[in-house]
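Asker: Submitted below is the structure of interest, expressed as structure tokens.
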Amino acid sequence: MTVLSPADSAITDQLISRLRDIVGAENTLTQDADTVAYTTDWTQQHAGAAIAVVRPANTDEVSAIVRLCAASEVAIVPQGGRTGLCGGGVPIAGQPSVILSLTRMNAIRSLDSEGRTVVAEAGVVLETLHERALEHGLIFPLMFGAKGSCTIGGNLSTNAGGSNVVRYGNTRELCLGIEAVLPDGSVINALTGLRKDNTGYDLKDLLIGAEGTLGIITAAVFKLFPDPAARATAFLSVTSMDAAIGILNTIQDRTGGAVEAFEYMPRQTVDAILNAFPDMRPPLQEPAETGILLEVASSRPADAQVMEDGSVRFQNDLMDILAELIEEGFVLDAMLARSEQQRRDLWRMRESTLEAITGFGPSYHLDISLPLANISAFIEEIDTAARELGFLPLTVGHLGDGNLHYALAAAEGSVWEELPLEKIGTIAYDALIRLNGSFSAEHGIGQSKLQVMKKLKEPAQISAMRAIKKALDPLDIMNPGKLLPPEI
Ligand SMILES: Cc1cc2nc3c(=O)[nH]c(=O)nc-3n(C[C@H](O)[C@H](O)[C@H](O)COP(=O)(O)OP(=O)(O)OC[C@H]3O[C@@H](n4cnc5c(N)ncnc54)[C@H](O)[C@@H]3O)c2cc1C
């Protein structure tokens, strides 16, 4: 792969001119003022240089760009909505690259409301897909705070998770097929939407979660689901994390597996959000040490029945379950959203977490998963160690699927620059491995987790991944320096 220097300006000029031939001058950005937004990632931790930002309109143009870059051995960085949190969507330092932005490929090619599938291009913004599905009485259940900016190409490439994984799975489980451009420019079209297709290696599953290192996803077929007729959303104060897991199981059993979200929101995190957004109201009068945002949903019309007193049957059923859990001493207090506005307020609070934490000052973030049975041991151990070292834990989590976003800020009286980040990182990752967890649950590896990948991922698995990368991308042009740690 070519690492271009200023002396190579003749090569870059020629490349840029040919890129213009493919996508047009207006879609080939080269001036710093135009490219700067594309070269820095959401976290502001990673920035790289772009030879050009190109914005193709269709798969043929993507293929032509990839062929051109392969012939010139120039690196390509695929990019969606730039909301990734690991620096995967921007070039690495010292490696000027062609940034291939998929945002113009934003068509929903077809929606089959009977077959409950949709074919969408990579640049479709997640929220747009939500809206289009709803027009047909269906939902696309992938849900998280960045929904207004992230794209489905980025969601697939990071195998994004979010709040509803407990019921519907990660992006991988929602995808039935993809169209993609491989590093040699060839196009694979697997958009049949078949639910059964055992015809060899599943290339779709290889490209999902590959963070753009094996090719560029240009479109995908997704499953859609019925829009729930009734929802019940509540904020609970529960006695302990161990109790929370039992509560999840009880509610799953009693509702026939209707839990759509089970989000861990401890007191410090809720306090930080309420401080950052003074217009938000605390969900409970007495703050919950262990708070849970719970949502259950049903597509059975009978559950949506409005009772004589104006209440909704499904919400009353949840209240009955919660009343029993209060009587049994597992739940201390609960607030049920009785209006769509109250539900939205609860979700706004949850989805503002990252913004509130980043507004708090510098912070250290772990995106980890653990077996449900080991979550309370992890939190107890690391919260204690972190507090002793002068940190303030600001955790939030998709508890229903064992995923914690464990963040640490400076506690009152601590100076961030003096805090032992490396030490707390080692303590946390040691505990994580001992408790059978994963060091990246849903954000991926990108650039920011290469060291931990090298240290903690089984060597045999890294070797197999390298072999796949070399077979598909022998020139290492496809998003180099991401996901796989350097060999030396
Ligand atoms: C406020 C906030 C909340 C978040 N919450 C969650 C959450 O709950 N769960 C979760 O999983 N993530 C979460 N994220 C992370 C992020 O939103 C997801 O990783 C998202 O899927 C990235 O999509 P994107 O379009 O922004 O991708 P980008 O950031 O542009 O790219 C991400 C990676 O995918 C690659 N890529 C992008 N498009 C393509 C393509 N078409 N083909 C091949 N490779 C491609 C890029 O090269 C890069 O490696 C959150 C982020 C923010 C800012």
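The values are calculated or read from the model by the stated rules, or taken from the named source; none is laboratory data. Please read these numbers as outputs of a predicted model, since none were measured by experiment. Quick reminder, even Gly has a Cβ in these numbers, built from the backbone with ideal geometry, and neighbours come from all protein chains shown.
Asker: Within the group GLY80, GLY145, GLY137, which residue is in contact with an Asp or Glu (Cβ under 8 Å, 6 or more places away or on another chain), at pLDDT 95 or above and over 20 Å from ALA190 (Cα atoms)?
Answerer: GLY137
Asker: Give me the pairs, please: first residue somewhere in segment 438-452 and hydrophobic (A, V, I, L, M, F, W, C), second residue anywhere and assigned to a loop (DSSP other than H, G, I, E, B) and away from the ligand (no atom under 12 Å from the Cβ), beta-carbon distance under 6 Å, and either six or more positions apart or on two chains.
Answerer: Partner pairs satisfying both residue conditions: LEU450/PRO485; VAL452/PHE439.
Asker: Tell me whether segment 289-299 contains one or more residues that are under 16 Å from ALA230 (Cβ atoms), out of contact with any Ser or Thr (no Cβ under 9 Å at 6 or more places or on another chain) and surrounded by fewer than 16 Cβ atoms within 10 Å (Cβ to Cβ).
Answerer: Yes: segment 289-299 contains one or more residues that are under 16 Å from ALA230 (Cβ atoms), out of contact with any Ser or Thr (no Cβ under 9 Å at 6 or more places or on another chain) and surrounded by fewer than 16 Cβ atoms within 10 Å (Cβ to Cβ).
Asker: Continuing with the same structure: Restricting the search to segment 188-235, which residues are free of Cβ contacts under 8 Å to residues at least 40 places away in the same chain and within 16 Å of the ligand (Cβ to nearest atom)?
Answerer: ILE188, ASN189, ALA190, LEU203, LYS204, ASP205
Asker: Out of the residues in segment 32-41 that are in a helix (DSSP H, G or I) and surrounded by 20 or more Cβ atoms within 10 Å (Cβ to Cβ), which is nearest to the ligand (Cβ to nearest atom)?
Answerer: Residue satisfying both the conditions and the ranking: TYR38.
Asker: Give the residues of segment 329-343 that are out of contact with any strand residue (DSSP E or B) (no Cβ under 7 Å at 6 or more places or on another chain) and either of a type in the set (A, V, I, L, M) or free of Cβ contacts under 8 Å to residues at least 60 places away in the same chain (or both), sorted by residue number.
Answerer: Of everything in segment 329-343, those that are out of contact with any strand residue (DSSP E or B) (no Cβ under 7 Å at 6 or more places or on another chain) and either of a type in the set (A, V, I, L, M) or free of Cβ contacts under 8 Å to residues at least 60 places away in the same chain (or both) turn out to be ARG338, SER339, GLU340, GLN341.
Asker: Filter segment 458-473 down to the residues that are outside any helix (DSSP H, G or I) and touching a residue at least 12 places away in the same chain (Cβ under 8 Å) and list them by number.
Answerer: Once the filter is applied, which keeps residues that are outside any helix (DSSP H, G or I) and touching a residue at least 12 places away in the same chain (Cβ under 8 Å), segment 458-473 yields only ASP473.
Asker: Just give me the residues in segment 343-401 being within 23 Å of VAL452 (Cα to Cα), among the hydrophobic types (A, V, I, L, M, F, W, C) and not in a helix (DSSP H, G or I), in sequence order.
Answerer: Once the filter is applied, which keeps residues that are within 23 Å of VAL452 (Cα to Cα), among the hydrophobic types (A, V, I, L, M, F, W, C) and not in a helix (DSSP H, G or I), segment 343-401 yields LEU366, ILE368, LEU370, LEU389, PHE391, LEU392, LEU394, VAL396.
Asker: Go through segment 402-436 residue by residue and tally those that are in a loop (DSSP other than H, G, I, E, B), touching a residue at least 12 places away in the same chain (Cβ under 8 Å) and out of contact with any Gly (no Cβ under 6 Å at 6 or more places or on another chain).
Answerer: Counting residues in segment 402-436 that are in a loop (DSSP other than H, G, I, E, B), touching a residue at least 12 places away in the same chain (Cβ under 8 Å) and out of contact with any Gly (no Cβ under 6 Å at 6 or more places or on another chain) gives 6.
Asker: Is segment 132-148 home to any residue that is among the small types (Gly, Ala, Ser), touching a residue at least 24 places away in the same chain (Cβ under 8 Å), in contact with a strand residue (DSSP E or B) (Cβ under 8 Å, 6 or more places away or on another chain) and near the ligand (Cβ under 8 Å from one of its atoms)?
Answerer: No, segment 132-148 contains no residue that is among the small types (Gly, Ala, Ser), touching a residue at least 24 places away in the same chain (Cβ under 8 Å), in contact with a strand residue (DSSP E or B) (Cβ under 8 Å, 6 or more places away or on another chain) and near the ligand (Cβ under 8 Å from one of its atoms).
Asker: Considering segment 141-183 alone, what residues qualify as being surrounded by fewer than 24 Cβ atoms within 10 Å (Cβ to Cβ), among the aliphatic types (A, V, I, L, M), within 12 Å of the chain's Cα centre (by Cα) and in a loop (DSSP other than H, G, I, E, B)?
Answerer: Result: ALA146, single match.
Asker: Determine which single condition ALA244 fails, assuming it passes every other condition in (1) of a type in the set (Gly, Ala, Ser); (2) crowded, with 23+ Cβ neighbours inside 10 Å; (3) assigned to a loop (DSSP other than H, G, I, E, B).
Answerer: Against the list (1) of a type in the set (Gly, Ala, Ser); (2) crowded, with 23+ Cβ neighbours inside 10 Å; (3) assigned to a loop (DSSP other than H, G, I, E, B), ALA244 comes up short only on (3).
Asker: Pairs, please: C-beta under 8 Å, at least 6 apart or cross-chain, first residue more than 12 Å from ALA234 (Cβ to Cβ) and in segment 311-328, second exposed (fewer than 15 other Cβ atoms within 10 Å of the Cβ) and β-branched (Val, Ile, Thr)?
Answerer: Close Cβ pairs satisfying both conditions: VAL312/VAL306; ARG313/VAL306.
Listed here are the residues, each with its yes/no results for (1) at pLDDT below 95; (2) touching a Cys at 6+ places or on another chain (Cβ under 7 Å); (3) not charged (D, E, K, R).
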site	(1), (2), (3)
GLU327	no, no, no
PHE330	no, no, yes
TRP347	no, no, yes
GLU351	yes, no, no
THR358	yes, no, yes
PRO371	no, no, yes
ASN374	no, no, yes
ALA385	no, no, yes
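Asker: Using the structure shown, decide if ARG195 is farther than 16 Å from MET465 by Cα and part of a helix (DSSP H, G or I).
Answerer: no
Asker: Which of the following residues is within 10 Å of the ligand (Cβ to nearest atom) and either in contact with a Pro (Cβ under 6 Å, 6 or more places away or on another chain) or under 18 Å from VAL221 (Cβ atoms) (or both): GLY169, GLY123?
Answerer: GLY123
Asker: Still on this model: Out of (1) within 16 Å of the ligand (Cβ to nearest atom); (2) surrounded by 16 or more Cβ atoms within 10 Å (Cβ to Cβ); (3) farther than 21 Å from GLY246 by Cα, the odd one out for ALA337 is which?
Answerer: (1)
Asker: Here's something else I'd like to know. If we keep just the residues of segment 42-93 that are surrounded by fewer than 21 Cβ atoms within 10 Å (Cβ to Cβ) and acidic (Asp, Glu), which is farthest from the ligand (Cβ to nearest atom)?
Answerer: Ranking the candidates gives GLU73 first.
Asker: Would segment 100-110 turn up any residue that is β-branched (Val, Ile, Thr), in contact with a Ser or Thr (Cβ under 6 Å, 6 or more places away or on another chain), touching a residue at least 40 places away in the same chain (Cβ under 8 Å) and within 12 Å of the ligand (Cβ to nearest atom)?
Answerer: No: segment 100-110 contains no residue that is β-branched (Val, Ile, Thr), in contact with a Ser or Thr (Cβ under 6 Å, 6 or more places away or on another chain), touching a residue at least 40 places away in the same chain (Cβ under 8 Å) and within 12 Å of the ligand (Cβ to nearest atom).
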